[in-house]
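Student: Encoded as structure tokens, here's the structure I'll be asking about.
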Amino acid sequence: MAHLITLIPGDGIGPEVADAARLVVDAAGVEVDWDVQEAGAGALEREGTPLPGRVLDSIRRSRTALKGPITTPVGTGFRSANVALRQELDLFAAVRPARSLPGIATRFTNLDLVVIRENTEDLYSGIEFERGSEALERLRGELRDLGGFQIREDAGVTVKPISVSGTRRIVRFAFEFARRNRRGSITLGHKANIMKFSDGVFLYTAGAEAEFYRDVWFEEVQVDELALHLVTEPETLDVLLLPNLYGDIVSDLCAGLVGGLGLVPGANLGWEYAVFEPVHGSAPDLAGKGVANPIAMIESAAMMLAHLGESAAAGAVGRGIRAVLSEGMPRTGDLGGTASTGVMARAIARATEQALEAR
Ligand code: NAD
């Protein structure tokens, strides 16, 4: 029976890399009934919102989505559709593997990192007070009364909630993930020395939960120190467990360690729904040129296939990608080549078919 999957091409380079992923899923021999849903810039223009309700309805039906990036205006304008999607569907865990790939020259070799990022809380909760607003004026007054806190009159404010319940579920998820995938250690990044009541909750809740998972090594480190470890001795790290904001930043750092944003996939998982998407954004500098690297999106599709129980197909896509990269050709611009997104996608599709035949 065909899998019902919501496909959100997104905007910017999204539709280009989504076409590539679809081609490779077809080559992997998996039957899919794609429910294509427009979101992002096009939806905003036509429907007044980048994330129309029909997109969420579709995922609630299919339970699984493959998603391209969606642009978010910086500093002003509407709220991130990506953050809204994760919150609406309670996709509390982001899983972002960053692995060294054959034929990709990087400073470090043999890296095999996984970022597990809490996806719903922290500074990304969307609790914001605009500079000069009446609401912020009242908040400033309350904070003055409550604790003598002084916030400058010309400040804007973003609130950082981190809960025990929100932390407990991501910590359990991380430990179960480590067990299932035979990963030896989890390193938690925090800044609880400064943010005692938000990162403090993350740190202490995780420490308590870790007691139930003695078979997985657990360590905590301040996130600035983690940044140093990542650029000096990343081979010593395994699973990284982070609150939302640090997880976002460290994901890109890890992508850089293994060859760039064009290569790193991701999954957003909750109890009921799963949305697979690359770590990269809509890359406005490349959009419409047909030159984006489709591998991150294709790898995201492979993660989705594994999630759906199509492990043979997922494995074949992975081997197809590695075969093409090992050969050194074709390559997109980010990898030092001149190939288009389509040429790269067709090469991976062919290599995927060959990987299936060679089984
Ligand atoms: P970006 O990831 O879009 O681009 C950063 C750099 O990486 C650019 O130089 C870009 O050309 C390059 N790059 C990204 N993907 C690539 C690919 N597949 N192949 C080759 N090169 C690639 O990050 P940004 O510029 O900070 O963000 C652009 C927009 O995307 C913003 O509006 C941002 O909010 C949004 N964004 C969306 C998501 C998402 O949908 N999940 C994630 C991150 C950023």
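The values are calculated or read from the model by the stated rules, or taken from the named source; none is laboratory data. What you are looking at is a predicted structure, and each value in this text was computed from that prediction instead of being measured. Please note: Cβ atoms are built from the backbone with ideal geometry, for glycine as well, and neighbour counts cover all protein chains shown. Quick note on the areas: whole protein, heavy atoms, side chains included, nothing else; ligands and nucleic acids left out. Shrake-Rupley method; radii C 1.70, N 1.55, O 1.52, S 1.80 Å.
Student: What's the extension gain from Arg60 to His229 if we count 0.36 nm per residue and subtract their Cα-Cα distance? Walk me through the numbers before you get to the answer.
Tutor: Values: separation 169, 0.36 × 169 = 60.84 nm, distance 3.99 nm.
Full extension from Arg60 to His229 adds 56.8 nm.
Student: Next up: For segment 256-359, what is the Kirkwood estimate of the hydrodynamic radius, computed as the reciprocal of the mean inverse distance between distinct Cα atoms, to one decimal in Å? Each step should come with its number before you reach the end.
Tutor: Values: mean 1/r = 0.0706 Å⁻¹.
The answer is 14.2 Å.
Student: Rounded to the nearest percent, how much of the accessible area of the chain (1.4 Å probe, protein heavy atoms only) is carbon and sulfur?
Tutor: Numbers: 8560 of 16520 Å².
Whole-percent figure for carbon plus sulfur exposure: 52.
Student: Taking amide H positions as placed 1.01 Å from N in the peptide plane, with prolines and chain starts having none, which residues 5 or more places from Glu220, or on another chain, fall under 5 Å of its amide H?
Tutor: Leu188
Student: Let me ask you something else. Quick one: which residues, 5+ away or cross-chain, put their amide H under 5 Å from the amide H of His3? H built at 1.01 Å from N.
Tutor: Answer set, sorted by chain and number: Glu31, Val32, Asp33.
Student: With a cut-off of 8 Å between alpha carbons and a minimum separation of six or more residues, what is the relative contact order of segment 71-187 in percent? Write out the running numbers ahead of the final one.
Tutor: Details: 116 pairs, mean separation 25.3, N = 117.
Relative CO of segment 71-187 lands at 22 percent.
Student: Name the chymotrypsin sites (Phe, Trp or Tyr not before Pro) in segment 219-298 that are in a loop by DSSP and that have at most 15 other C-beta atoms within 10 Å, would you?
Tutor: Trp271
Student: Continuing with this model, one more query. Using mean Cβ contacts within 10 Å as the protection proxy, how do 201-214, 163-176, 59-72 order, highest first?
Tutor: Ranking, from highest mean packing down: 59-72, 163-176, 201-214.
Student: Considering just Cα atoms, how many Å³ per residue does the convex hull of segment 66-153 enclose?
Tutor: Values: hull volume 17.7 nm³, N = 88.
In segment 66-153, the Cα convex hull volume per residue is 201 Å³.
Student: Separate question: Return the calculated 222 nm mean residue ellipticity for the chain, to the nearest 500 deg cm²/dmol, obtained by summing -39500 (n - 2.57) across DSSP H runs with n ≥ 4 and dividing by the residue count. All intermediate terms of the calculation are to be shown ahead of the outcome.
Tutor: Working: 12 runs with 153 residues, N = 359.
Taking each H run of at least 4 residues, the total per residue is -13500 deg cm²/dmol.
Student: For the chain, with every protein chain kept in place, what is the accessible area per residue (1.4 Å probe, Å²)?
Tutor: Numbers: 16520 Å² over 359 residues.
About 46 Å² of surface per residue is accessible.
Student: Provide Rg and Dmax in Å for segment 209-265, with only Cα atoms included in the calculation.
Tutor: In Å, with Rg to one decimal and Dmax whole: 12.5, 38.
Student: Hey, what's the Kirkwood Rh for segment 150-246 if you take every pair of different alpha carbons, in angstrom? Before the final figure, lay out each step's value.
Tutor: Working: mean 1/r = 0.0696 Å⁻¹.
The answer is 14.4 Å.
Student: What would the Debye equation give as log₁₀ I(q)/I(0) for segment 182-312 at q = 0.20, 0.21, 0.22 Å⁻¹, counting only Cα atoms as equal point scatterers?
Tutor: Result of the Debye calculation: -1.29, -1.33, -1.36.
Student: Follow-up question, since we're still on this one. Over 12 Å, how big is the tail of the calculated P(r) for segment 306-359, in percent of all Cα pairs?
Tutor: For segment 306-359, the fraction of Cα-Cα distances above 12 Å is 63 percent.
Student: While we're on this one: Find out how many positive minus negative residues lie around Asp19, taking Lys and Arg as positive, Asp and Glu as negative, among other residues whose Cβ is under 13 Å from that of Asp19. Walk me through the intermediate numbers first.
Tutor: Numbers: positive: Arg22, Arg346; negative: Glu16, Asp26.
Summing Lys and Arg as +1 and Asp and Glu as -1 gives 0.
Student: While we're looking at this one, here's another question. At q = 0.13, 0.16, 0.30 Å⁻¹, what is the base-10 log of I(q)/I(0) for segment 7-60 according to the Debye formula with one equal point scatterer per Cα and no solvent? Please give it to two decimals.
Tutor: -0.36, -0.52, -1.13
Student: Find the Cα radius of gyration of the chain, compare it with 2.2 N^0.38 Å by division, and give the number to two decimals. Can you show the working numbers first?
Tutor: Values: Rg = 20.9 Å, N = 359, 2.2 N^0.38 = 20.6 Å.
Here the Cα radius of gyration is 1.02 times the empirical estimate.
Student: Averaged across orientations, what area in nm² does the convex hull of the alpha carbons in segment 17-122 project? Intermediate results must be reported in sequence, preceding the final value.
Tutor: Details: hull surface 38.2 nm².
Approximately 9.6 nm², given one-decimal rounding.
Student: Next up: Compute the distance in nm between two label points, each set 7 Å from the Cα along the Cα-to-Cβ direction, one at Phe149 and one at Met1.
Tutor: The modelled label-to-label distance comes out at 5.1 nm.
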